[in-house]
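Every read-out reported here was derived from the displayed coordinates using simple, explicitly stated rules and does not represent laboratory data. Keep in mind it's a predicted model, so treat the numbers as computed, not measured. Here the Cβ is made from the backbone with ideal geometry for all residues, glycine too, and neighbour counts use every protein chain on show.
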Amino acid sequence: MSRLDSMLRRLAAQRDGLNWMADQITGIEGDVVDFGLGNGRTYDHLREILPDRRIWVMDRVLQCHPSCTPPAEDFLQGEAEPMLRKLRETGVKIALAHYDFGSGIKDNDVAESARLSPLIAAIMQPGGYLVSGQPLVGFEQIKGPDTIAPDRYLFYRA
């Protein structure tokens, strides 16, 4: 598979997974968090499909498209561990988390997602959902929508 086809497959899976998850969290109180703002495409989509939820965004740097810049009070800039601790200390509970941290080096990304999993668990609303491009640890893995290959995106319940 070409890198272009792989990217298209990933983006379609991400969109389909987030749309599916938005339906799953109906009735679950809590905010949304997008781990890894990047250029802001996913954040923009989350704003569209979950307009009544507060969406927290976490990334090392703010370098998104200007139309996708989150409000300053919802953007947590810095390394993941201290930002997750800061979010936990506020008492925020997350109904839906989208995990998109990664360097593109699989072994490093898997180790990072495992290291961050307990900190993510501490902010999740019981019964909340997570969608991730990397394996997370300590959550119940669930089957996602049929339109997404099982190895393309991962779905969890807190």
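Of all the criteria given as (1) more than 25 Å from Leu119 (Cα to Cα); (2) in a helix (DSSP H, G or I); (3) of a type in the set (A, V, I, L, M, F, W, C); (4) in contact with a helix residue (DSSP H, G or I) (Cβ under 9 Å, 6 or more places away or on another chain), the one not satisfied by Leu46 is (1).
Checking each residue in the stretch 130-147 for being assigned to a loop (DSSP other than H, G, I, E, B), within 15 Å of Gln24 (Cα to Cα) and in contact with a Phe, Trp or Tyr (Cβ under 8 Å, 6 or more places away or on another chain) picks out Lys143, Gly144, Pro145.
Okay, residues lined up against (1) aliphatic (A, V, I, L, M); (2) within 15 Å of the chain's Cα centre (by Cα):
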residue	(1), (2)
Ser67	no, no
Phe75	no, yes
Met83	yes, yes
Arg88	no, no
Gly102	no, yes
Asn108	no, no
Arg115	no, no
Tyr129	no, yes
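Residues are listed down the side, and each one gets a yes or a no for (1) closer than 28 Å to Ala12 by Cβ; (2) free of Cβ contacts under 8 Å to residues at least 40 places away in the same chain; (3) surrounded by fewer than 12 Cβ atoms within 10 Å (Cβ to Cβ):
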| residue | (1), (2), (3) |
| --- | --- |
| Pro82 | no, yes, yes |
| Lys106 | yes, yes, yes |
| Gln125 | yes, no, no |
| Gly144 | yes, no, no |
| Tyr156 | yes, yes, no |
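For the stretch 69-98, a residue qualifies if it is out of contact with any Gly (no Cβ under 6 Å at 6 or more places or on another chain) and assigned to a strand (DSSP E or B), and the qualifying residues are Phe75, Leu76, Gln77, Leu96, Ala97, His98. When the residues of the stretch 84-104 are filtered to those that are among the small types (Gly, Ala, Ser) and in contact (Cβ under 8 Å) with a residue 40 or more places away in the chain, which remaining residue is farthest from Trp20 (Cα to Cα)? So the residue we want is Gly102.
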